[in-house]
Amino acid sequence: MDLRKLGEFGLIEDIKQGIEVPQGYLGIGDDCAVMPQKSGMETLVSTDMLIEGTHFLMDDISAYRLGWKSAAVNISDIAAMGGRCTGSFLSFALPKGLGKEWTDEFFRGYKEISSLYGCPLLGGDTTSSPDRLCISVTVTGEAPAGKSVKRSYAAIGDLICVTGNLGDSGCGLKIILEGSGRDADAEILIARHYLPMPRVKEGMEIAAAGASAMMDISDGIGSDLRHIIEASGVGAEIDTSMIPLSNELKSKCAEYGWDPLELAISGGEDYELLFTISEENAKKIDFNHFVIGKIISGDKIIWRGSERDYMGFRHF
């Protein structure tokens, strides 16, 4: 169906279907959403944009996967603070040629992951675009007052840890961009690029254990770790041999002659959590995590096992 026939308000009514708004909240349909405050809690808010041609390729990504990823990358920001999600707001500019079938699939993906993390869509805006699709998502969350984990409290002697394998998403993107063959390993890596799983449960456990700093890995640790050390006024030492790599990543890098460390450190969009924590507090974490280095004095990153100074992805 042509969206012009459906109309803006018809589309909004369509989007509302199947969304369960928590009791006491006011969601889509008024000028503002209403979210009651809870005693002893602090509100978290994060917003992000995805632009066609910069963050995704319309010729490759399905509408379902784009809907999923649009929500996931923002939910991950709440995970990075050690919080839980409370709702999201979605605004997008739609180019001509996208019909109701496309938006149905987009919202199927968006709602599916939102439901997994208890993050109902509470509002937003729609408009037209002359050419490219533009998506803007804001996610709200909450954490116990004073307990959300910032970037700025990493301390000398803290361990530097990650919650899972790095480089899979970057390798999946490289396969897409270079038109490489898509065997079973390639499809797994591509899925990790398009369908990230935010580490909300892990983030809350890390926060409860007493982590000193935390971020989600969106631009690669070569960039994201620098944000932590700059905000905290410290340096870092990374043992590159300890960076966790998946078998699929190692297989594809061996096949095509790619550098797995480059992808793991600079590829980005893994949406695992990068955090610093004292050795004593690290013992309180029950799930499997990976120690890749230590916070040191100074203001630089030392990459043990490599002569390179990895920088990670930069937007400008």
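Sort out which residues of the stretch 76-109 are closer than 21 Å to SER128 by Cα and of a type in the set (Val, Ile, Thr), and write them in order of number.
The one that is closer than 21 Å to SER128 by Cα and of a type in the set (Val, Ile, Thr): THR103.
Of the residues that sit in the stretch 63-100 and are in contact (Cβ under 8 Å) with a residue 40 or more places away in the chain and part of a loop (DSSP other than H, G, I, E, B), which one is farthest from ALA213 (Cα to Cα)?
Filtering first and then ranking leaves GLY99.
I'd like to verify a number: residues in the stretch 243-272 that are in contact with a strand residue (DSSP E or B) (Cβ under 6 Å, 6 or more places away or on another chain) and of a type outside the set (Ser, Thr, Tyr), how many?
Number satisfying all stated conditions: 3.
Would you point out which residue out of SER223, SER212 is among the hydroxyl-bearing types (Ser, Thr, Tyr) and within 18 Å of GLU279 (Cα to Cα)? Spell out how you get there, then give the answer.
Numbers: SER223 fails: within 18 Å of GLU279 (Cα to Cα).
The match here is SER212.
Which ones in the stretch 273-303 are surrounded by fewer than 19 Cβ atoms within 10 Å (Cβ to Cβ), assigned to a loop (DSSP other than H, G, I, E, B) and within 25 Å of the chain's Cα centre (by Cα)?
The answer is SER278, LYS284, ASP286, PHE287, ASN288.
Please verify whether SER88 is of a type outside the set (A, V, I, L, M, F, W, C), modelled with pLDDT of 95 or more and either surrounded by fewer than 22 Cβ atoms within 10 Å (Cβ to Cβ) or closer than 30 Å to ARG151 by Cα (or both), treating the condition exactly as stated. Full working, then the answer.
Details: of a type outside the set (A, V, I, L, M, F, W, C): yes; modelled with pLDDT of 95 or more: yes; either surrounded by fewer than 22 Cβ atoms within 10 Å (Cβ to Cβ) or closer than 30 Å to ARG151 by Cα (or both): yes.
Yes.
Quick test for you: out of SER306, SER241, pick the one residue that is assigned to a loop (DSSP other than H, G, I, E, B), more than 22 Å from the chain's Cα centre (by Cα) and among the polar types (S, T, N, Q).
Only one candidate passes the filter, namely SER306.
Quick one: ARG84 ticks every box in (1) in contact with a Leu (Cβ under 8 Å, 6 or more places away or on another chain); (2) closer than 15 Å to ARG199 by Cα bar one, so which box is it?
In the conditions (1) in contact with a Leu (Cβ under 8 Å, 6 or more places away or on another chain); (2) closer than 15 Å to ARG199 by Cα, ARG84 misses (1) alone.
I want to confirm something. Restricting to the stretch 112-148 and keeping residues that are touching a helix residue (DSSP H, G or I) at 6+ places or on another chain (Cβ under 8 Å) and not in a strand (DSSP E or B), which single residue is surrounded by the fewest Cβ atoms within 10 Å (Cβ to Cβ)?
GLU112
May I ask you to say which residue of SER169, SER232, SER246 is closer than 29 Å to ALA143 by Cα, under 19 Å from the mean Cα position of the chain (by Cα), among the small types (Gly, Ala, Ser) and surrounded by 20 or more Cβ atoms within 10 Å (Cβ to Cβ)?
The match here is SER169.
The rows are residues; the columns are (1) among the polar types (S, T, N, Q); (2) in contact with a Pro (Cβ under 9 Å, 6 or more places away or on another chain); (3) part of a strand (DSSP E or B); (4) not assigned by TED's automatic domain parsing to the domain that holds ARG182.
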{"site": "MET204", "(1), (2), (3), (4)": "no, no, no, no"}
{"site": "HIS227", "(1), (2), (3), (4)": "no, no, no, no"}
{"site": "GLU237", "(1), (2), (3), (4)": "no, no, yes, no"}
{"site": "LEU249", "(1), (2), (3), (4)": "no, yes, no, no"}
{"site": "TYR271", "(1), (2), (3), (4)": "no, yes, no, no"}
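Which one is modelled with the lowest pLDDT, of the residues in the stretch 18-43 that are aliphatic (A, V, I, L, M) and over 20 Å from GLY83 (Cβ atoms)?
Ranking the candidates gives ILE28 first.
Out of ILE190, ILE221, ILE217, ILE206, I need the residue that is closer than 30 Å to LYS147 by Cα and free of Cβ contacts under 8 Å to residues at least 60 places away in the same chain. Which one?
Working: ILE190 fails: closer than 30 Å to LYS147 by Cα; ILE221 fails: free of Cβ contacts under 8 Å to residues at least 60 places away in the same chain; ILE206 fails: free of Cβ contacts under 8 Å to residues at least 60 places away in the same chain.
Only one candidate passes the filter, namely ILE217.
The values are calculated or read from the model by the stated rules, or taken from the named source; none is laboratory data. Keep in mind that what you see is a predicted model, and the values were worked out from it rather than measured. As a convention, Cβ positions derive from the backbone with ideal geometry for all residues, glycine included, and neighbour counts pool all protein chains shown.
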